[in-house]
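Inspection log for the structure reproduced underneath, given as C-alpha cells.
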Amino acid sequence: MPSLKDLKNRISSVKSTQKITKAMQMVAAAKLRRAQEAAVAARPYAERMGQVLGGLSQAYEGRPDAPRLLAGTGQDQTHLLVVATGERGLAGGFNSSIARLAREHATRLLAEGKTVKILTVGKKGADILKRGLSKHIIEQISLREVKTLGYGTAQEIGEKVLAMYEAGEFDVATLYYARFSSVISQVPTAQQIIPAKFDAAEGDADARSGSAIYEYEPDEEAILEDLLPRSVSVQIFRALLENNASFFGAQMTAMDNATRNAGEMITKLQLSYNRQRQAQITKELIEIISGAEAL
Amino acid sequence: MADGVKIEIVSPEYLVLSAEAKSVTVPGAEGYFTVMGPHAPLMSTLRPGFVTVVDPAGAETRYFVLGGFADVNNGGLTILAEQARPASEFGRTEIEARITAAQEALNKAEGVDEKMAAQAELDQWKNLLLEATSTGVAH
C-alpha cells in the first residue's frame, strides 16, 4: 500500500503529464487547421492535372510509342517504395500504420522474388522499417529542417525519384502515405506513381463534351512528356500535405485520449488518497480515545 | 455571347487568381497568345513569362508564371503553373540570378544537345529580363 506522500506525489506527476498532453493537443489542433487548409488549397491543381493527364494518356493506352513514364519499363522486377511518415512520434498509430502497410507489401514482393528498394521520407518510417528491412532502404530523406511544407520540397523528392527511374534503377514506384479523411480517421494508402495511373477523366468529360477538337501547342506528345514528370512531383506534394494533416489529426486524437486517461487516473488516485487519509484520521482518533480511556 | 473570359491561375500550393477578365495574354511555349471571350479549345505548355490579365474595367495585372500549361475550354482559361505569383512580388534580382545560373549551366554543358538546351534557357531568361524592363514590371 503506497503511503499518503507517495500518492500525493503520483497525483501531482499525473497532473503535470495531463497539462503537457493537453497543451500538445491544442497545438496539434491549431496546426491541423493550417495543414488542412494547405491540403485543400493544393487540391485544385492536383485535380486539374489529373484530369488533363487522364484525358491525354487515354489516347496512348496500349500504344508502344507511349512515354516511358506512362507505359513503364515493360517489366516489374524492381519496386521502389516511397514511404512518407511523420518526423515525430506521439501520434497514436499514425507512423506505424503507414509503415505496416509498406512492410506488408515489401514482404509480399520479396516473397514473389522481386527486388525491393525503399526510400523513406520522414524519420519515423525509417526507424520502424529498419527492423527487418534495413538492407533494402536505399535512402532516407528527413523533413526535420522543413518548416513549412512547400512545393519545392516535393519537387526535390520527385526529381530524385525521376533520376533513379531514368537510370533504370527501378520499374515500379509506389507511394505510401496516410490519406486524411477526418480528424479521427486517417487511411494508410498505397498509390502507384510510376508508371503513371490515372482515373479515367470524369470531370474532364463534361468540360470537353460539346467542345470541338482540342488544339495542342506544341503537340500532344510534347505536352504529355512535359507534364508527366511534373505530375510525379505534384502527387508527392499532395501526399506530403495529406500526410501532414493526417499526422496532426492523429496526434490530436492521441493526445485527447491521453488527457482523458490522465484525468481518469487522477480521479482514482484522489479517491484512494482520500480513503487513506480518512483511515489515518480514524486510526489516530482511536489511538487518542483508547489512550484517554486507559487513564 | 459572353464577352469576358473566366481565368484561373493555380499553383501547386494555392489558387492564385480566379476572376472574370476581358482578355488574358499567356506566354505559350510557341509564343504569346491572347484569349478573349469564347475561344476554341486549346492546350499549350508555358515558358517562363508574364501573364497579363485585363479586367473588365480595362486595368492590367501581371502575373509571373514558371513551368506548367494553359488549358482553354468552354469553362474558361485555366493556367496551371509550378510557380505563379503577382509580378509585383517578382524582382529583377531573381531574373538576374536565373541568368547567372543559366550561364553557368551553359559553360558546363557538354555535347550539342545539352549546349543547345542551355543556350535556349539562357536566351529565354535574357528575353524575359528585357521584357520586364520595358514593361516596367521588375525594378
key: Residues that are under 17 Å from A:ILE236 (Cβ atoms) and in contact with a Ser or Thr (Cβ under 6 Å, 6 or more places away or on another chain), drawn from region A:83-125   = A:VAL83, A:ILE98, A:GLY122, A:GLY125
request  = Quickly run through region A:109-144 and pick out the residues that are within 16 Å of the chain's Cα centre (by Cα) and assigned to a helix (DSSP H, G or I).
outcome  = A:LYS123, A:LYS124, A:GLY125, A:ALA126, A:ASP127, A:ILE128, A:LEU129
task = For A:LEU56, state whether it is closer than 30 Å to A:MET164 by Cα, in contact with a strand residue (DSSP E or B) (Cβ under 9 Å, 6 or more places away or on another chain) and either part of a helix (DSSP H, G or I) or within 14 Å of chain B (Cβ to nearest Cβ) (or both).
result = yes
inquiry  = Looking at region A:40-53 only, could you name the residues that are among the hydrophobic types (A, V, I, L, M, F, W, C) and either under 16 Å from A:LEU241 (Cβ atoms) or at the interface with chain B (Cβ under 8 Å from one of its Cβ atoms) (or both)?
reply    = A:VAL40, A:ALA41, A:ALA42, A:ALA46, A:MET49, A:VAL52
query = Which one of these is away from chain A (no Cβ under 12 Å) and over 19 Å from B:ALA132 (Cβ atoms): B:PRO56, B:PRO41, B:PRO12, B:PRO48?
reply = B:PRO56
request  = Determine whether A:GLN36 is closer than 26 Å to A:GLY150 by Cβ and assigned to a helix (DSSP H, G or I).
outcome  = yes
task = Give the number of residues within region A:17-41 that are among the charged types (D, E, K, R), over 15 Å from A:ALA91 (Cβ atoms) and touching a residue at least 60 places away in the same chain (Cβ under 8 Å).
result = 1
request  = Tally the residues that are under 12 Å from A:ASN243 (Cβ atoms) and assigned to a loop (DSSP other than H, G, I, E, B), restricting the search to region A:71-107.
outcome  = 3
query = Which of (1) within 24 Å of A:ASP65 (Cβ to Cβ); (2) assigned to a loop (DSSP other than H, G, I, E, B); (3) modelled with pLDDT of 80 or more does A:PHE198 not meet, given it meets every other one?
reply = (3)
key: Out of A:VAL83, A:VAL14, sole residue that is at pLDDT 80 or above, among the β-branched types (Val, Ile, Thr) and within 30 Å of A:THR267 (Cβ to Cβ)   = A:VAL14
inquiry  = For region A:26-80, which positions are buried (at least 20 other Cβ atoms within 10 Å of the Cβ), under 26 Å from the mean Cα position of the chain (by Cα) and polar (S, T, N, Q)?
reply    = A:GLN51
Residues of region B:15-34 that turn out to be more than 18 Å from A:TYR151 (Cβ to Cβ), in a strand (DSSP E or B) and within 13 Å of another protein chain (Cβ to nearest Cβ), as a count = 7
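The values are calculated or read from the model by the stated rules, or taken from the named source; none is laboratory data. It should be emphasised that the depicted structure is a prediction, and the values quoted were computed from it without experimental measurement. Note: ideal-geometry Cβ built from the backbone for every residue, glycine included; neighbour counts use all protein chains shown.
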